[in-house]
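Heads up, the thing below is written out as C-alpha cells.
The values are calculated or read from the model by the stated rules, or taken from the named source; none is laboratory data. Model, not experiment: these values are computed from the prediction. Heads up, the Cβs are rebuilt from the backbone with ideal geometry, glycines too, and the neighbour counts pull from every protein chain shown.
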Amino acid sequence: MAAWRQLPGRARAAPGLLTSTRLTQLPRDRRAPLTCRRSLCTSGSSPNDYFKDLQAQLAGMKKKAADVLPGSSWTSLEINTDLPPKRADIVIVGGGVVGWSIAYWLKQKERVRGGVQVIVVERDPTYTQASTVLSVGGIRQQFSLLENIHLSLASADFMRNINDHLGVLNEEPVDLQFNHSGYLFLANEKVAHIMEENYNTQRLAGAKVSLLSPTQVKEKFPWINTEGVALASYGLENEGWFDPWTLLNAFKRKAISMGVTQFCGEVTGFKTLTNIMTTIDDEKVGVQRIKSVKVQMPNSLQYQLVDCAVVVNAAGAFSGKLAEMLGIGLGPKDSFSGIPVPVEPRKRYVYVVHCPDGPGLDTPLLIDYSGVYFRREGLGGNYITGMSPEEVEEPDTNDLEVDHQFFQDKVWPKLANRVPAFEKLKVSSAWAGFYDYNTFDQNGIIGMHPLINNMYFATGFSGHGLQHSPAVGRAVAELILDGNFKTLDLSNFGFKRIVEQEPMLERNIV
Amino acid sequence: MSASMVVLHRCCQRSALLVARRQWMSSSASRPPLVSRLLLFLTQRFYDVEMLVSWKHHFKRNQLQKTNAYYGYTEKFYGTDIAAAYYILKLGGGVRFVGQSEWFHADRRGKFSWDFLKFKNTPLEEVDMSQTLINYTGLRNLETQKQLRTLRLRGCPEIDDWFLARLHVFQDSLEELDISDCPRITTGGLAALRNLKRLKLLYVSSLPRVSCPGLVIILLEEMLPQCQIIAEGYDHSVRQAEGERMES
Ligand SMILES: Cc1cc2nc3c(=O)[nH]c(=O)nc-3n(C[C@H](O)[C@H](O)[C@H](O)COP(=O)(O)OP(=O)(O)OC[C@H]3O[C@@H](n4cnc5c(N)ncnc54)[C@H](O)[C@@H]3O)c2cc1C
C-alpha cells in the first residue's frame, strides 16, 4: 500500500512517461505497482543498464557451458513435449468424426468428472486424407435395414439439438449449415418393388418419406427427365446435407472442453497378452488383450507406449490395416484368425460442376437408379456429383488423384440424361476421398472383435459414416461403459455376422 | 535495473492486450449483459460456477420443453382441436376456428376466455403464434390440423430450420405463412418450404441469418411460382443479387 501512495507524486516527477490514470489500469498484482515505481526512478541511467544486461548474459552463458559438461543431464536432443501420456484408460485411434463422437459420448456418459481418461490419437491433424472432410455431407433415412434407419433418425435428432449437446459455454453456437432439401431416389421398373418395401419399412420406423409417381415427380421437379422412372421416393424431413467440417470440429471442441486430449502421432503397433483358448470345434485360438499402444511421433523416431484398458478402432478406411497389426486376418485361411476385418479404402471421386441454368433452391440430393447422384452446392448454380465405379473398375488407392475421364465417360452421360439442363455444364473442380468400404456387406462394424477382447471397432460405414456418427458414438460409448447397447440395439452390426458369413446387406435400388 | 524495465514493458503490453481484447468483444454484435459476462469469467476459474451456469441452461431448456410439451391429456378429454387451441392460447397466441369469424386471443398477461371450449371438433383455420416460444416439439400439437390455412409465426425466437422442415405436415392446406423476424432461420430451412405447394402468400421479411437475401428471394419465387413472396427489410437491388450470384 505504501508503494501506491507514493506513486502519483513520483509519476508527476517524471513527466511524459506515464500519467497516473494509465498506471491504475495496470494489473492488480500487488507487486506490479512496486516494480513500476522502481523503474520510474531509475529510468534515467541507461549506460548502467547496458552493463547489467551484459553481466546477466554472461552469467547465462556460463551456466549453459556448465550444463553441457559431462555429468550433467543436459542433452542437445530436443525433447518432444507433445508425447502422449504413459497411461490412459481409453485410447481412440483415429480422430475423424467417428473417433471424436465416441470421445464425446464417453465423456458425456462418465459418472464423475474425469472418471475416464480418454485420448484420441490422430496421425494427420490437417485431415488431408480423412473421409470425414472429403465427404458429400448427406444425411438420409432412406435405408432398408431398420438399424440404419434408426441410426439416421437418432443422428438427425442429435443434429437438431446440436447446441444442447455440443454447445460450449462462452463460445459461438454450432451452425451445421444444414440444408433441408431431402433425398430423391429414382427407381426403374426392375427395382420399384424394392423401393416400395423399403418405403414401408421406413414409414414403420418413423421416417417421413413419401412415394411419388413419375407424373408427380415431373410436377414437383419439372427439370427431371422421368423417362425410365417407375417410382420415386422422396424424404420430407430430416434429410439433406450439412458441413462435415463443422460437425467434426464441434465434436472435437466439446470433447476437448470435457477433458479429452488429442495427440498427433501414428499408431504403429500394439503390445498384447495372448491367452490360448479352444473352440467347440477343437480349434486352438489365441485371444489377445492389448496392454499398450505404440504411438509413433510424426517426423521423428520417437515413440511412446501408452498403457491402456480399452482401444477403440476408429481409423476409418485404414481400420483393417490397424487390425492387421494384431495379426487379424493373417492366420491360416480357414481358421478364426484368418478372417480379416473386411474394411479397405476405396477411392470415390466428387466433381463440382457449374451450370447456370441448373435446378434451383428446391433441388434435392437426387440418386438415380443408374448410380449417379448430384446435389446443389451453394446458391450460385454449382452442383456436386459423382457415382461409384463398377467393382471391376475400382481405381487404385495409393493416392487421391482424380480421374477426369471417369466424369466424361461415366458420370456426365447419365447425369445429362436425367437432367437435360446438365448437358451444358463446366467442371470447375474435383476431389477424391476414401470410403471406409466394408467389402463384406457395406455396413458398419460396431463392437468388439472376438479375438481381441479390449478393442472396439466402429468402422466400415461405406459412405454413410458421417451421418451416423452421432448415434454410433453413443452406441460405442454404451458398449464400453455399460457393457451393452442401451438406446439402440446394434448387436446385428457386430462381428458375429462376419464370423458366421451372414452378410447384412442393404436392399438398394442402385 | 534493466530487468525492472522489462517488467514495466510487459505490464504495459499486458494492459494493451486487455484493452485490445475488450474492444474486440464490444465490436461483436450481441454482447451479453454484465452479469452473464461476469459469470462466464468466473466459469473459467471455478468448476462450481460452471456447474451453476450449466444448470441455468438446463433449467431454461426444461422450461422451454415444458411449455412446448405434448398436450396429450387435453387431447384425450377434449379432442385434438381443443388441445391445439389450448396449447396456442397457453403460449399467448390466437386462433380462429373454421366457419367462425371470431378470434380467440390471449391478452398481454396470458389470460384468455374459455369460450373456445364450445368448439369441440371444429378444426382451426387460422393460427397466430407471433412472438411466442413455440418450437419444433410444440409443433406436434398442431399437426392434427388438416384445414389450417394461415399460420403466423412472426418474431418467434425458437423457430429454426428444423421447424420449417416439419411444416410439410400442412402441405395440403396451408396458404399463408408468416415467418418474418425469426432470428434463427437460414437459407437451408427456406429450401424446406418447397413442400408447401398450396402456399399463396409468404412473408419472409427481416431474417437476419439469411445470407444473400436478394438472391434467396429470387430463388424462392422460382421455387414457389404461384406464391406471392413478401420480403421487406432487405436492401435487395438487382445489382447486389447479381453480385452474390457471381460470388457464390
Ligand atoms: C466421396 C465421399 C462421399 C461421402 N459422402 C457421405 C455422405 O454423403 N454421407 C455420409 O454419411 N457419409 C459419407 N461418406 C462417408 C463418410 O465420410 C465416412 O464414412 C466417415 O467420414 C468415416 O469417418 P471416420 O471417422 O471413421 O473416418 P475418417 O474420417 O477417415 O477418420 C479416420 C482417421 O484415422 C486416422 N488414422 C488412420 N489410421 C491411423 C493410425 N494408424 N494412427 C493414427 N491415426 C490413424 C486417419 O488419419 C483419419 O483421420 C462419404 C465418403 C466419401 C469418400
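Data overview
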{"quantity": "Extreme residue, nearest to the chain's Cα centre (by Cα), among residues of region A:238-249 that are more than 10 Å from every other protein chain (Cβ to nearest Cβ) and hydrophobic (A, V, I, L, M, F, W, C)", "calculated": "A:Leu248"}
{"quantity": "Top-ranked residue of region A:234-287 - restricted to ones that are of a type in the set (Gly, Ala, Ser) and more than 30 Å from A:Gly206 (Cβ to Cβ), ranked as surrounded by the most Cβ atoms within 10 Å (Cβ to Cβ)", "calculated": "A:Gly265"}
{"quantity": "Close pairs (7 angstrom Cβ cut-off, 6 or more residues apart or separate chains): over 13 Å from B:Gly79 (Cβ atoms) in region B:116-130, among the aliphatic types (A, V, I, L, M) and surrounded by fewer than 17 Cβ atoms within 10 Å (Cβ to Cβ) anywhere", "calculated": "B:Glu125/B:Val98"}
{"quantity": "Qualifying residue in region A:161-173 (condition: closer than 20 Å to A:Asn508 by Cβ and either away from the ligand (no atom under 16 Å from the Cβ) or in contact with a helix residue (DSSP H, G or I) (Cβ under 7 Å, 6 or more places away or on another chain) (or both))", "calculated": "no"}
{"quantity": "Unmet requirement for B:Leu202, which otherwise passes all of (1) modelled with pLDDT of 95 or more; (2) within 14 Å of chain A (Cβ to nearest Cβ); (3) surrounded by fewer than 20 Cβ atoms within 10 Å (Cβ to Cβ)", "calculated": "(3)"}
{"quantity": "Which numbered condition A:Leu204 fails, given (1) aliphatic (A, V, I, L, M); (2) within 30 Å of A:Asp164 (Cβ to Cβ); (3) within 14 Å of chain B (Cβ to nearest Cβ)", "calculated": "(3)"}
{"quantity": "Residue that is within 13 Å of chain A (Cβ to nearest Cβ), farther than 21 Å from A:Pro222 by Cα and surrounded by 19 or more Cβ atoms within 10 Å (Cβ to Cβ), where the choices are B:Val169, B:Val216", "calculated": "B:Val169"}
{"quantity": "Options A:Val427, A:Val472, A:Val476, A:Val411: the member that is buried (at least 22 other Cβ atoms within 10 Å of the Cβ), more than 20 Å from the chain's Cα centre (by Cα) and modelled with pLDDT of 95 or more", "calculated": "A:Val411"}
{"quantity": "Yes/no for A:Ile290 being without any contact (Cβ under 8 Å) to a residue 24 or more places away in the chain and of a type outside the set (Ser, Thr, Tyr)", "calculated": "no"}
{"quantity": "Selected residue (criterion: surrounded by the fewest Cβ atoms within 10 Å (Cβ to Cβ)) from residues of region A:358-392 that are polar (S, T, N, Q) and within 13 Å of chain B (Cβ to nearest Cβ)", "calculated": "A:Asn382"}
{"quantity": "A:Leu151 in contact with a helix residue (DSSP H, G or I) (Cβ under 7 Å, 6 or more places away or on another chain), away from chain B (no Cβ under 14 Å) and either more than 8 Å from the ligand (Cβ to nearest atom) or under 30 Å from B:Glu50 (Cα atoms) (or both)", "calculated": "yes"}
{"quantity": "Pick from region A:477-501, criterion within 16 Å of the ligand (Cβ to nearest atom) and in contact with a Leu (Cβ under 8 Å, 6 or more places away or on another chain), ranking: nearest to A:Lys109 (Cα to Cα)", "calculated": "A:Ala477"}
{"quantity": "Residue identified as without any contact (Cβ under 8 Å) to a residue 60 or more places away in the chain and within 16 Å of the ligand (Cβ to nearest atom) among A:Gly447, A:Gly433", "calculated": "A:Gly447"}
{"quantity": "Subset of region B:101-115 [touching a residue at least 12 places away in the same chain (Cβ under 8 Å) and polar (S, T, N, Q)]", "calculated": "none"}
{"quantity": "Candidate set from region B:184-199 (those that are assigned to a loop (DSSP other than H, G, I, E, B) and within 12 Å of chain A (Cβ to nearest Cβ)); member that is nearest to A:Arg376 (Cα to Cα)", "calculated": "B:Thr186"}
{"quantity": "Any hit, region A:227-237, residues being within 16 Å of the ligand (Cβ to nearest atom) and within 14 Å of chain B (Cβ to nearest Cβ)", "calculated": "yes"}
{"quantity": "All positions within region B:138-157 that are of a type in the set (D, E, K, R) and touching a strand residue (DSSP E or B) at 6+ places or on another chain (Cβ under 7 Å)", "calculated": "B:Arg149, B:Arg152, B:Arg154"}
{"quantity": "Near pairs, Cβ below 8 angstrom, 6+ apart or cross-chain, from region A:378-391 (aliphatic (A, V, I, L, M)) to any residue that is more than 16 Å from the ligand (Cβ to nearest atom) and not in a loop (DSSP other than H, G, I, E, B)", "calculated": "A:Leu379/B:Thr187; A:Leu379/B:Leu215; A:Leu379/B:Val216; A:Leu379/B:Leu219; A:Leu379/B:Glu244; A:Leu379/B:Arg245; A:Met387/A:Lys414"}
{"quantity": "Which numbered condition B:Asn121 misses (of (1) on the phi > 0 side of the Ramachandran plot; (2) within 11 Å of the chain's Cα centre (by Cα))", "calculated": "(2)"}
{"quantity": "Positions within region A:94-128 being within 6 Å of the ligand (Cβ to nearest atom) and surrounded by fewer than 24 Cβ atoms within 10 Å (Cβ to Cβ), in sequence order", "calculated": "A:Arg123, A:Asp124, A:Tyr127"}
{"quantity": "Lone unmet requirement of (1) more than 11 Å from chain B (Cβ to nearest Cβ); (2) at pLDDT 60 or above; (3) not in a strand (DSSP E or B) for A:Asn48", "calculated": "(1)"}
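To keep it simple, each residue is scored yes or no on (1) in contact with a strand residue (DSSP E or B) (Cβ under 6 Å, 6 or more places away or on another chain); (2) among the β-branched types (Val, Ile, Thr); (3) buried (at least 18 other Cβ atoms within 10 Å of the Cβ).
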| residue | (1), (2), (3) |
| --- | --- |
| B:Asp81 | no, no, yes |
| B:Phe104 | yes, no, yes |
| B:Met129 | no, no, yes |
| B:Tyr136 | no, no, yes |
| B:Ile159 | no, yes, yes |
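Here is a yes/no grid of residues against (1) touching a helix residue (DSSP H, G or I) at 6+ places or on another chain (Cβ under 7 Å); (2) facing another protein chain (nearest Cβ under 9 Å); (3) touching a residue at least 60 places away in the same chain (Cβ under 8 Å):
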site	(1), (2), (3)
A:Gly182	no, yes, yes
A:Glu197	no, no, yes
A:Asn200	no, no, no
A:Trp223	yes, no, yes
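Every residue, every condition in (1) over 30 Å from A:Asn225 (Cβ atoms); (2) among the hydrophobic types (A, V, I, L, M, F, W, C); (3) in a helix (DSSP H, G or I), yes or no:
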residue: A:Ala458; (1), (2), (3): yes, yes, no
residue: A:Phe461; (1), (2), (3): yes, yes, no
residue: A:Val476; (1), (2), (3): yes, yes, yes
residue: A:Asp489; (1), (2), (3): yes, no, no
